[in-house]
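The structure appears right after this line, and notes come after that.
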Amino acid sequence: MTLRLYDTNTRQVRDFVPLVPGCVSIYLCGATVQAPPHIGHIRSGLNFDVMRRWLGYRGYDVTFVRNVTDIDDKVIAKSREFGIPWWQIAYANERAFNDGYAALGCLPPTAEPRATGHVPEMIEMMRGLIERGHAYASEGNVYFDVKSYPDYLELSNQQLENLLQPEGEGETGKRDARDFAMWKRAKEGEPSWETPWGRGRPGWHLECSAMAHKYLGRAFDIHGGGIDLIFPHHENEIAQSKAYGDDFAAFWVHNAWVTMSGEKMSKSLGNSVLVSDMVQRWRPIVLRYYLASPHYRSMIEYSEESLREAETAFARIEGFVERAVERCGAVDPAPEVPLAFAEAMDDDLGVPQALAVLHTAVRQGNSALTADDKDSAVARLAEVRAMLGVLGLDPLDDFWAGGSRGDDLHGVVDSLVRLVLDQRQAARDRKDYATADAIRDQLGLAGLAIEDTPSGPRWTVNQ
Ligand SMILES: [Zn+2]
């Protein structure tokens, strides 16, 4: 079986064949760290985390680079507004993004380069492009000459004649209004770096071309980002990198947005959808299920109701896992996921179809438990855990079950409660029911509910 991916550039789903056998290199445009993330920002990182886990399952050695744009107009504006240095704004928000990715179970990238750490690489690229006649310096800015690159606008399928290039402030001295800025002249009181063409700061597009070249070389497998980045950002990255002599990305993969009332989720909606706020109101594993369940190319229209539906759906999966472990004991994930699940994932990361396979296995597992067919229940549990693991959603994985969420005391409390429950069992064995009931009542006062199951007593914290 071969993984097939939708490639924005060729506008079709096509076979994914890595440039280097056994290895996959991915560059994902990361955050512009001007504000803390809402769930719409994290969706991209999450979709690509699922892609990366699937490629890992398929046996590939994945190099995953996700950059940080730590300087831009909005970062500078906030620095002025709050009277603190630009890097303090950028770094605080970078940490908030990393907390958000980590809370939702995204694996850390192989490298996470910051734009401002790569000015020498950007100067090198501009120098090369000027020498080859693709760029020019003018009035302290450096522009890319779009007419010098014939394949410009292939990704977004536009015509140069009709192009309206979004223009940044202070972009003077262009030869053609459609040329775009690679480097911006320094303004009074703004952070700036020295270049052969004067002091200034990087343009957004140049950062990614320079960092992809540095970390992934002249050619790499997959370039990703949200659909809003196709133009101008990715189109301009391609022009710079290819004109510089790089082959650049073999595949272009774009994820859809989280929308509210049909509009792209934005900061103006306030704090209600900030990841830091959402993880207080919803379990992070449920948020991950909610954001990862739809196909990555489908919009998610956000609502509390749809989140509750996701919570219910995930509870069905989790309930089976818990009951099966109680009845049959711990079971490792199966070494392989079911064929139908793999086929769905290989078909452009078809998570909705893959989840249908998973839910079927959960139903079959529940039926097996009801029929007291332990062999079948164990087999379904192993499969379900394997499928959940690929999606980063296995509740028994150390990440969710262990100390990574700050509840490292769970293991200690569990040992203590088991000790008390053993005392209760000993009292029952000697038919001292008064003591047994008293122990149960004491645990109840401590906020613990005890349920007797065929595999022994089970405790939960009363909500
Ligand atoms: Zn980028």
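The values are calculated or read from the model by the stated rules, or taken from the named source; none is laboratory data. Because the structure is predicted, anything quoted here is derived from the model rather than measured. Quick reminder, even Gly has a Cβ in these numbers, built from the backbone with ideal geometry, and neighbours come from all protein chains shown. With ligands, DNA and RNA removed, areas are computed over all heavy atoms of the protein, side chains included. Shrake-Rupley method; radii C 1.70, N 1.55, O 1.52, S 1.80 Å.
Summary table below
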read-out	value
Gly365 vs. criteria under 26 Å from the mean Cα position of the chain (by Cα) and not charged (D, E, K, R)	no
Residue that is more than 31 Å from the chain's Cα centre (by Cα), open to solvent by 10 Å² or more (accessible area, probe 1.4 Å), over 25 Å from Phe248 (Cβ atoms) and at pLDDT below 95, where the choices are Gly170, Gly140	Gly170
Verdict on Gly30 being farther than 12 Å from Ile222 by Cβ, open to solvent by less than 50 Å² (accessible area, probe 1.4 Å) and modelled with pLDDT under 95	no
Failed condition for Pro150, given (1) in contact (Cβ under 8 Å) with a residue 60 or more places away in the chain; (2) in a loop (DSSP other than H, G, I, E, B)	(1)
Flag if Ala334 is surrounded by fewer than 20 Cβ atoms within 10 Å (Cβ to Cβ), part of a loop (DSSP other than H, G, I, E, B) and of a type in the set (A, V, I, L, M, F, W, C)	yes
Selection status of Gln159, in the same structural domain as Met51 (by TED's automatic domain parsing) and open to solvent by less than 30 Å² (accessible area, probe 1.4 Å)	no
Candidate set from the range 120-137 (those that are in a helix (DSSP H, G or I) and free of Cβ contacts under 8 Å to residues at least 24 places away in the same chain); member that is most open to solvent (accessible area, probe 1.4 Å)	Glu131
Residue within the range 6-24 that is surrounded by fewer than 19 Cβ atoms within 10 Å (Cβ to Cβ) and at positive phi present	yes
The range 19-36, subset out of contact with any Ser or Thr (no Cβ under 8 Å at 6 or more places or on another chain) and more than 16 Å from the ligand (Cβ to nearest atom), residue nearest to Val258 (Cα to Cα)	Ala35
Odd one out for His223 among (1) within 17 Å of Arg127 (Cβ to Cβ); (2) in contact with a strand residue (DSSP E or B) (Cβ under 7 Å, 6 or more places away or on another chain); (3) of a type outside the set (A, V, I, L, M)	(1)
Failed item, numbered, when Asp432 is tested on (1) modelled with pLDDT of 90 or more; (2) surrounded by 15 or more Cβ atoms within 10 Å (Cβ to Cβ)	(2)
Those residues of the range 293-312 which are outside any helix (DSSP H, G or I) and hydroxyl-bearing (Ser, Thr, Tyr), in sequence order	Ser293, Tyr296, Ser298, Tyr302, Ser303
Flag if Ile42 is within 15 Å of the ligand (Cβ to nearest atom) and either β-branched (Val, Ile, Thr) or surrounded by fewer than 21 Cβ atoms within 10 Å (Cβ to Cβ) (or both)	no
Strands (runs of 3 or more DSSP E) enclosed by the range 1-70 - at least 1 residues per element that are within 23 Å of Glu112 (Cα to Cα) and in contact with a Pro (Cβ under 9 Å, 6 or more places away or on another chain)	23-28, 61-66
Asn47 within 14 Å of the ligand (Cβ to nearest atom) and in contact (Cβ under 8 Å) with a residue 24 or more places away in the chain	no
Given (1) crowded, with 19+ Cβ neighbours inside 10 Å; (2) under 29 Å from Ala239 (Cα atoms), index of the condition Gly117 fails	(1)
Selected residue (criterion: surrounded by the fewest Cβ atoms within 10 Å (Cβ to Cβ)) from residues of the range 195-253 that are more than 21 Å from Ser156 (Cα to Cα) and under 20 Å from the mean Cα position of the chain (by Cα)	Tyr215
Qualifying residue in the range 366-375 (condition: within 24 Å of Ile42 (Cα to Cα) and open to solvent by less than 10 Å² (accessible area, probe 1.4 Å))	no
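Rundown of residues vs (1) open to solvent by 50 Å² or more (accessible area, probe 1.4 Å); (2) closer than 25 Å to Asp15 by Cα; (3) not polar (S, T, N, Q), yes/no style:
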{"site": "Tyr290", "(1), (2), (3)": "no, no, yes"}
{"site": "Glu311", "(1), (2), (3)": "yes, no, yes"}
{"site": "Glu318", "(1), (2), (3)": "no, no, yes"}
{"site": "Glu326", "(1), (2), (3)": "no, no, yes"}
{"site": "Gly329", "(1), (2), (3)": "no, no, yes"}
{"site": "Glu343", "(1), (2), (3)": "yes, yes, yes"}
{"site": "Val362", "(1), (2), (3)": "no, no, yes"}
